[in-house]
1. Residues Ala151, Ala220, Ala157: which one is away from the ligand (no atom under 16 Å from the Cβ) and under 21 Å from Arg266 (Cβ atoms)?
2. Of all residues in the range 288-302, count the ones that are surrounded by fewer than 24 Cβ atoms within 10 Å (Cβ to Cβ) and either out of contact with any helix residue (DSSP H, G or I) (no Cβ under 9 Å at 6 or more places or on another chain) or farther than 16 Å from Gly240 by Cβ (or both).
3. Restricting attention to the range 136-143, does a residue exist that is touching a helix residue (DSSP H, G or I) at 6+ places or on another chain (Cβ under 8 Å), of a type in the set (D, E, K, R), surrounded by fewer than 24 Cβ atoms within 10 Å (Cβ to Cβ) and under 22 Å from Val85 (Cβ atoms)?
4. Mind checking whether some residue in the range 55-67 is touching an Asp or Glu at 6+ places or on another chain (Cβ under 6 Å) and surrounded by fewer than 18 Cβ atoms within 10 Å (Cβ to Cβ)?
5. Name, by its number, the condition in (1) more than 13 Å from the ligand (Cβ to nearest atom); (2) of a type in the set (A, V, I, L, M, F, W, C); (3) in contact with a helix residue (DSSP H, G or I) (Cβ under 7 Å, 6 or more places away or on another chain) that does not hold for Ala252.
6. Test Ala256 against the stated conditions and say whether it is farther than 22 Å from Glu39 by Cβ and crowded, with 18+ Cβ neighbours inside 10 Å.
7. Where residues in the range 167-182 are surrounded by 23 or more Cβ atoms within 10 Å (Cβ to Cβ) and either modelled with pLDDT under 95 or part of a loop (DSSP other than H, G, I, E, B) (or both), which of them is farthest from the ligand (Cβ to nearest atom)?
8. Quick one: Arg73 ticks every box in (1) in a helix (DSSP H, G or I); (2) surrounded by fewer than 17 Cβ atoms within 10 Å (Cβ to Cβ) except a single one, so which number is it?
Amino acid sequence: MARERVAVRSHPGVLEHLPALGHPEMPARVRAVLDALREHPAGWTLEPEAAVPPDEDVIGVLRWLHASDLINRVRRSADSGRGFVDAGDNPVSPGTWRAALTAAGLAISSALDLVNGRLHRAFLALRPPGHHAEQNRAMGFCFFNNVALAAEVASRALQAPVLIVDFDVHHGNGTQKLFWERPDVGYLSVHRYPFYPGTGGGDETGEGPGRGMTLNVPLAAGAGDDAFAGALEAGLDELGSRLRPAVILISAGFDAHEEDPLGGMRVTDEGYRRLTRAIVEAADLWSEGKIISVLEGGYDLHALGSAARAHVEELASPAGSENPPGDGGSLVH
Ligand SMILES: [Zn+2]
């Protein structure tokens with residue numbers, strides 16, 4: 001079988017959100033990721049201007065998870081061209097609405113492509129990030145919850161369980177809250193704790209029909225590759241076998257990197273390779289290899305580029321890399 005192809009998708013619209021100078025969540029982040037992936041592509045195709053659905057369609061899906069009030073606040077604030085949405089760390093510019101809608105649109109269209117068989121594996125280089133965004137609250141640089149929207153699209157279309165794996169250094173409070181009582185959308189997060197946003201204790205496991213489908217693995221400041229990847233591997237074993245997901249979504253934040261100015265952890269590029277391999281193995285086991293990975297945090301431009309490249313290289317590795325590529329004969333006989 002041919003080497004696994006990964007679609008690396010982005011869109012110029014995601015660059016239009018311009019927080020004030022000095023804000024860590026800047027357009028250069030996406031440029032750094034795309035530059036790192038543009039050099040010597042190895043198993044992926046770049047789609048820097050991937051298609052996004054019409055605005056009305058994106059807004060329709062946003063309403064599945066977000067309050068109309070939040071959608072209107074983001075649009076109105078961007079129209080006014082200044083100020084904040086909900087929190088001081090969520091400044092807006094005139095392009096914020098376009099960027100947030102484009103990021104959500106990339107997540108939604110990729111999930112649709114996946115359920116329709118047009119896409120098998122993707123990495124979405126988008127911003128603003130999403131995993132802190134709650135039903136009716138923007139926070140932590142996030143406006144709309146991109147990965148949650150992709151998960152919702154996939155779970156509705158497939159009528160099958162989906163799993164969100166979040167390795168951003170911060171806990172994805174928004175994602176956890178949106179699916180807290182859902183038996184069909186699992187949430188696994190490995191993160192620094194206690195730390196922003198304050199949630200993510202090991203005793204937070206979901207409620208009602210969703211009980212046991214949220215799994216948090218809090219780590220102390222300074223954790224490195226073994227702690228971070230080991231926690232993720234164990235979490236995947238536990239929640240994967242409980243949920244048996246038909247698709248795996250990733251909240252891919254790279255702010256646990258040792259060079260990140262915000263994270264305070266010591267994960268290296270090799271650590272991101274290792275934890276990505278664990279997710280790929282889980283996807284091969286449960287989900288026919290189907291993965292959509294969505295960029296979240298990561299604030300050192302160099303580290304972000306190199307870690308994202310390590311992540312995508314592993315996403316592009318052939319299934320069961322111990323098998324020799326190009327000759328499937330041994331499988332037949
Ligand atoms: Zn983060």
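1. Working: Ala151 fails: under 21 Å from Arg266 (Cβ atoms); Ala157 fails: under 21 Å from Arg266 (Cβ atoms).
None of the others qualify; the one that does is Ala220.
2. Taking the range 288-302 first, the residues surrounded by fewer than 24 Cβ atoms within 10 Å (Cβ to Cβ) are 288-290, 299-302.
Checking which are either out of contact with any helix residue (DSSP H, G or I) (no Cβ under 9 Å at 6 or more places or on another chain) or farther than 16 Å from Gly240 by Cβ (or both) leaves us with 288, 299-302.
Within the range 288-302, residues that are surrounded by fewer than 24 Cβ atoms within 10 Å (Cβ to Cβ) and either out of contact with any helix residue (DSSP H, G or I) (no Cβ under 9 Å at 6 or more places or on another chain) or farther than 16 Å from Gly240 by Cβ (or both) number 5.
3. Yes, the range 136-143 has at least one match.
4. Yes, because at least one residue in the range 55-67 is touching an Asp or Glu at 6+ places or on another chain (Cβ under 6 Å) and surrounded by fewer than 18 Cβ atoms within 10 Å (Cβ to Cβ).
5. Every listed condition holds for Ala252 apart from (1).
6. Numbers: farther than 22 Å from Glu39 by Cβ: yes; crowded, with 18+ Cβ neighbours inside 10 Å: yes.
For Ala256, the condition - farther than 22 Å from Glu39 by Cβ and crowded, with 18+ Cβ neighbours inside 10 Å - is met.
7. For the range 167-182, the residue satisfying everything is Phe179.
8. Among (1) in a helix (DSSP H, G or I); (2) surrounded by fewer than 17 Cβ atoms within 10 Å (Cβ to Cβ), the lone unmet condition for Arg73 is (2).
The values are calculated or read from the model by the stated rules, or taken from the named source; none is laboratory data. Values in this document were obtained by computation on a predicted structure and should not be read as measured data. Using ideal geometry, Cβ is built from the backbone for each residue, glycine included, and neighbour counts are taken over all protein chains shown.
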